[in-house]
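Only one structure is covered here, and it is reproduced in the block below.
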Amino acid sequence: MADVFGAPGRRAVETRLPSLREELGADFCIVNGENAAAGRGITAKLADKLLASGADVVTLGNWTWGQQGFAPYLAGTDRVLRPANMSPQTPGRGLTVQQGVAVINLLGVFALDPFESPFLAADRLVAEARRSTPIVVVDFHAEATSEQVALARYLDGRVTAVLGTHTHVQTSDARVLAGGTAAITDAGMTGPHDSVIGSDEHNAIRRFVTGMPLRLEPATGDVRIEGVLVECDEAGRARSCAAVRVPVES
């Protein structure tokens, strides 16, 4: 499930995810939660709510440290990930194996400035993950579509899926690559789409017009769940990859 944005996105997860998993026949669910706290980071309480609502693993991104006091929680969990290519001196982990599925969380280079190249980190982490399971899913939180496509092709045949997050705009390129890796440039956003990528349009537009650092608030209209449904075989090769977009009643 793509980036959960603010209270509208959280409510969509809490009210709809359990039944949606059943409708889609989803055996495993990864939720990106880095915008869960009013569009900027996540808290321990909110992470626990996403997990209780049906997420098997929660991934994060460039707003991992957007909320004060979150680091101790992240240091003590194996179901909430921060990007693996942040500094190894920061709390938390970027790889977990749950229910026979390995999940890797990576941060893109362009405009996000991670500690380590996601390509080099992926080589190490994929090899580690495949010692435990052939089913490996990468959440690649990145700004540039070229970087997201490049990593998917770089890992083609070595992982089950490379799913882009971060831009909050679902792309139309869900596919299975030649080597058996499912890929999409961006899985989209779970939250209010009558907005500027989740935020109320008024101050977002004023920021662009004036250049002033105005406070952004989550919007409320046209709430949708977006994400990707991937089917794979026991060897970890993807059989199908389809974008998901589900309206949620407000």
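Dipole check for region 149-250: with +1 at the C-beta of Lys and Arg, -1 at the C-beta of Asp and Glu, and the Cα centre as origin, the magnitude is about 340 Debye. With a simple spin-label model that places each label point 7 Å from the Cα along the Cα-to-Cβ direction, the separation between residue 93 and residue 133 comes to 1.2 nm. Atom-type composition of the exposed protein surface of the chain places 51 percent of the accessible area on carbon and sulfur (1.4 angstrom probe). Note on the chain: antiparallel DSSP beta bridges, both residues inside, total approximately 50 percent of the bridges counted. For residue 201, put the label point 7 Å out on the Cα→Cβ axis and report which residues of region 34-66 keep their amide N under 17 Å from it. Residues passing the 17 Å test: none. Taking 0.36 nm per residue of sequence separation and removing the Cα-Cα distance, the residue 233/residue 45 pair yields an extension gain of 64.2 nm. On a per residue basis, region 160-250 carries 51 Å² of accessible surface, using protein heavy atoms and a 1.4 Å probe. Among 189, 212, the order of accessible area from largest down is 212, 189, computed with a 1.4 Å probe on protein heavy atoms.
Accessible area per residue was computed with a 1.4 Å probe on protein heavy atoms; residue 245 scores about 130 Å².
Only the Cβ atoms of Lys and Arg (+1) and of Asp and Glu (-1) were treated as charged; on that basis the dipole of region 70-212 about its Cα centre amounts to roughly 400 debye.
Across the chain, the relative contact order, built from alpha-carbon pairs under 8 Å that are at least six residues apart, equals 18 percent.
Per residue, region 75-115 exposes 44 Å² of solvent-accessible protein surface, assessed with a 1.4 angstrom probe and all protein chains in place.
In a reduced charge model with +1 at each Lys and Arg Cβ and -1 at each Asp and Glu Cβ, the chain shows a dipole moment near 360 debye about its Cα centre. Ranking of 70, 28 by solvent-accessible surface, largest first: 28, 70 (1.4 Å probe, protein heavy atoms only, all chains present).
The values are calculated or read from the model by the stated rules, or taken from the named source; none is laboratory data. Since we're looking at a predicted model, the values are computed, not measured. Positions of Cβ are backbone-derived with ideal geometry, glycine not excepted, and every protein chain shown enters the neighbour counts. Remember, those area values only see protein heavy atoms, side chains included, never the ligands or the DNA or RNA. Shrake-Rupley method; radii C 1.70, N 1.55, O 1.52, S 1.80 Å.
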